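Have a look at the structure below before the remarks.
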Amino acid sequence: MKKDIENIDDIKLLVNTFYGRVQQDKMIGAIFNEKLEGRWDEHLEKMYSFWQTILLEEYTYHGKPFPPHAYLPISSKHFERWKVLFNSTVNEFFEGVKADEAQWRAGRMATMFLSKIEYCRLNESKPLF
């Protein structure tokens, strides 16, 4: 029986499993591994805080999530793959209101990030830091 996302241990299970799959993925793995070389532990800690803040309303994340993504060589197909990996990880371990919210928020974030990346490319502008 699956349960909902309820605490930081659930967040860590989700994040660790998801990013383990990302690192091995043929489409998006190399992009993440190049960007985060030698800094995976730092990134995972940041993602624990991010999702803890978003899903559990425990405000541990401080930062701006978009700027590190602004100039990555990615397109809609990369975001689609990211969402498939994320949603399948959520579905493997969890079900419930928070699990549904995690998937919804991930989808909205992917849409927003792609839109902002395309805007930056078209307008040769820099994101606000």
(request) Return the distance in nm (one decimal) between the two label points of a simple spin-label model at GLN23 and GLU45, each offset 7 Å from Cα along Cα→Cβ. (result) 1.6
(request) At most 13 other Cβ atoms within 10 Å and a DSSP loop assignment: could you name the chymotrypsin sites (Phe, Trp or Tyr not before Pro) in segment 52-88 that fit? (result) TYR59, TYR71
(request) Anything over 19 Å Cα to Cα? Flag those among LYS26/LYS77; LYS12/LYS116; LYS77/LYS116; LYS3/LYS64; LYS2/LYS46, in the order listed. (result) LYS12/LYS116; LYS3/LYS64; LYS2/LYS46
(request) Write out the GluC sites (Glu not before Pro) in segment 1-71 meeting two conditions: DSSP loop, and at most 10 other Cβ atoms within 10 Å of their Cβ. (result) GLU37, GLU57
(request) Determine the distance separating the Cα centre of segment 69-111 from the Cα centre of segment 1-58; give it in Å without decimals. (result) 11
(request) Kindly express, to the nearest 10 degrees and within the range 0 to 90, the angle between helix 8-24's C-alpha long axis and the longest C-alpha principal axis of the chain. (result) 50
(request) Counting other Cβ atoms within 10 Å, keep those with at most 15, restrict to DSSP loop, and tell me which trypsin sites (Lys or Arg not before Pro) in segment 20-72 are left. (result) LYS26, ARG39
(request) Under 13 Å from the Cβ of LYS26, count the other residues' Cβ atoms, weight Lys and Arg +1, Asp and Glu -1, and hand me the total. (result) +2
(message) Angle check, please: helix 97-123 long axis (alpha carbons) against the longest principal axis of the chain (alpha carbons), in degrees 0 to 90, nearest 10.
(response) 0
(request) With mean projected area of the Cα convex hull in nm² in mind, check (1) 9.4; (2) 7.8; (3) 8.6 and report the label derived from this structure. (result) (2)
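None of the figures in this text is laboratory data; all of them are computed from the coordinates on show. Keep in mind the model is a prediction, meaning the values are calculated, not measured. Note that we place each Cβ from the backbone using ideal geometry, even for glycine, and neighbour counts take in every protein chain shown.
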